[in-house]
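The values are calculated or read from the model by the stated rules, or taken from the named source; none is laboratory data. Keep in mind that this is a model prediction, so the values were computed, not measured. Cβ placement follows ideal geometry from the backbone for every residue including glycine, while neighbour counts extend to all protein chains displayed.
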Amino acid sequence: MANLTKDFFIGLSNNKLLNAQAKKWGFRLGADKFVAGTNMDSVIETIRELNSHHISCTLDNLGEFVSDREEASTAKTEIIQILNKIHEEKLDCHLSVKLTQLGLDIDYDFCVENMKEILKKADAYHIFINIDMEKYIHYERTLDVLKELRNQYSHVGTVIQSYLYRAEDDLEELKGVRLRLVKGAYKENVSVAFQSKQDIDRNFIELSKKRLLGDAFTSIATHDHHIIHVLKEFVKENNISRDKFEFQMLYGFRTEMHDDLVKEGYNFCTYIPFGTDWFGYFMRRLAERPQNMNLIVKDAFLSKDNKLKKEPIILGTLAITSLVVWRKKKNKKEKVS
Ligand SMILES: Cc1cc2nc3c(=O)[nH]c(=O)nc-3n(C[C@H](O)[C@H](O)[C@H](O)COP(=O)(O)OP(=O)(O)OC[C@H]3O[C@@H](n4cnc5c(N)ncnc54)[C@H](O)[C@@H]3O)c2cc1C
């Protein structure tokens with residue numbers, strides 16, 4: 001049942017029609033609990049407030065699966081404007097970007113050029129750029145882009161997902177590069193990725209320990225208190241300097257733990273997504289933790305005067321239709337193979 005729910009939300013996150021539709025409506029379904037605002041100006045206060053609590057931020061101008069050059073160029077321009085803002089406002093904040101937003105699915109070289117323009121500006125401001133890791137079909141090309149960029153720029157890194165079998169080898173190859181470690185948010189095939197939580201968690205801990213014993217900076221990105229506890233003990237036992245790593249969590253998740261970690265003297269960074277393209281990001285969060293549905297259901301379906309809202313009904317209908325079509329296609333494929 002848990003897997004079915006996960007598949008359902010991951011299926012929705014990839015649905016282009018729903019992603020486009022949701023953009024038109026602005027935040028719905030309680031997305032504002034996990035997405036900080038619709039534009040840069042609306043999130044500056046949030047960043048300032050977190051900074052005042054000694055929490056740094058990484059900002060994600062939401063967007064992915066871009067198949068139009070103009071849209072990718074607009075995203076690049078927006079990201080450069082965000083860099084200007086971070087610099088002007090002297091915020092303790094770096095950026096997280098997705099290569100599919102910057103044209104990876106359109107043309108490899110075009111995407112590299114977009115990234116170079118971003119890095120040129122970021123370099124001038126000494127702002128770090130992190131390349132988020134997306135689905136496995138983009139994995140090789142993401143690493144290729146990173147390597148190409150690092151021939152010219154050093155303040156760029158990426159993400160390694162502990163559900164991938166190859167994560168350990170890639171970690172070794174990227175041992176001098178600043179990295180974020182995560183479990184992995186997408187649905188990947190058994191041919192490339194561990195499927196059980198036990199294996200993914202075990203690998204996450206092993207990879208984290210390996211990084212902590214190395215030289216480069218690591219962002220340990222998880223909401224998993226068991227893992228955080230194990231790693232805190234490891235850091236103490238091995239006298240590892242706290243300057244070599246930070247914990248990262250997503251905006252709106254386990255907020256009480258953010259402050260606790262800071263009070264204990266750890267570096268902490270909040271990942272802040274913002275923008276109108278919230279649907280895919282939000283559905284992946286529901287896939288990870290369907291309990292989040294409880295938090296949002298009332299918000300999603302009822303207006304302040306307890307009347308049923310119309311958008312969720314339309315979205316729900318679209319979602320169910322998409323699911324039925326997806327199941328039919330899947331069944332057909334299974335019959336053929
Ligand atoms: C900062 C950041 C950046 C990320 N970037 C990427 C990326 O670039 N690419 C990518 O593929 N994925 C990314 N992810 C997502 C990541 O891969 C996981 O899908 C996501 O973090 C869920 O896994 P988890 O480590 O939090 O633990 P889970 O396995 O989801 O949770 C472990 C346990 O922690 C507890 N827990 C978790 N969440 C909560 C909660 N909200 N409230 C109470 N208890 C909770 C529960 O006991 C749960 O069983 C990122 C995650 C973070 C935090």
Picking from E113, E88, the residue that is farther than 23 Å from K147 by Cβ and surrounded by fewer than 16 Cβ atoms within 10 Å (Cβ to Cβ) would be E88
Flagged in the stretch 248-257 as surrounded by fewer than 21 Cβ atoms within 10 Å (Cβ to Cβ) and either touching a residue at least 12 places away in the same chain (Cβ under 8 Å) or β-branched (V, I, T) (or both), in numbering order, are L250, G252, F253, R254, T255, M257
Across (1) buried (at least 16 other Cβ atoms within 10 Å of the Cβ); (2) among the hydrophobic types (A, V, I, L, M, F, W, C); (3) closer than 27 Å to I127 by Cβ, I205 clears everything bar (3)
Taking first residues from the stretch 197-209 that are more than 20 Å from R242 (Cβ to Cβ) and second residues anywhere that are of a type in the set (D, E, K, R), the pairs with Cβ under 8 Å that are 6 or more apart or on different chains are I200/K183; D201/K183; D201/D224; N203/E168; E206/E168
message: Can you say whether A216 is modelled with pLDDT of 95 or more and within 12 Å of the ligand (Cβ to nearest atom), as far as the supplied structure shows?
response: no
Over the stretch 269-303, the set of residues at pLDDT 55 or above and among the charged types (D, E, K, R) is D277, R284, R285, E288, R289, D299
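Just checking, which of T142, T100 is of a type outside the set (K, R), buried (at least 18 other Cβ atoms within 10 Å of the Cβ) and in contact with a Ser or Thr (Cβ under 8 Å, 6 or more places away or on another chain)?
Numbers: T100 fails: in contact with a Ser or Thr (Cβ under 8 Å, 6 or more places away or on another chain).
So the residue among T142, T100 that is of a type outside the set (K, R), buried (at least 18 other Cβ atoms within 10 Å of the Cβ) and in contact with a Ser or Thr (Cβ under 8 Å, 6 or more places away or on another chain) is T142.
Quick check, is T222 near the ligand (Cβ under 8 Å from one of its atoms) and buried (at least 18 other Cβ atoms within 10 Å of the Cβ)? So that I can check it myself, show each step before the final result.
Values: near the ligand (Cβ under 8 Å from one of its atoms): yes; buried (at least 18 other Cβ atoms within 10 Å of the Cβ): yes.
Judged against the criteria, T222 is a match.
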Checked L83, L50, L62 against criteria (within 16 Å of the ligand (Cβ to nearest atom), among the hydrophobic types (A, V, I, L, M, F, W, C) and more than 17 Å from the chain's Cα centre (by Cα)); the one match is L50
Among helices (runs of 4 or more DSSP H) entirely inside the stretch 102-212, those with 3 or more residues being under 18 Å from T58 (Cβ atoms) and either within 18 Å of the chain's Cα centre (by Cα) or not basic (K, R) (or both) are 108-125, 139-150
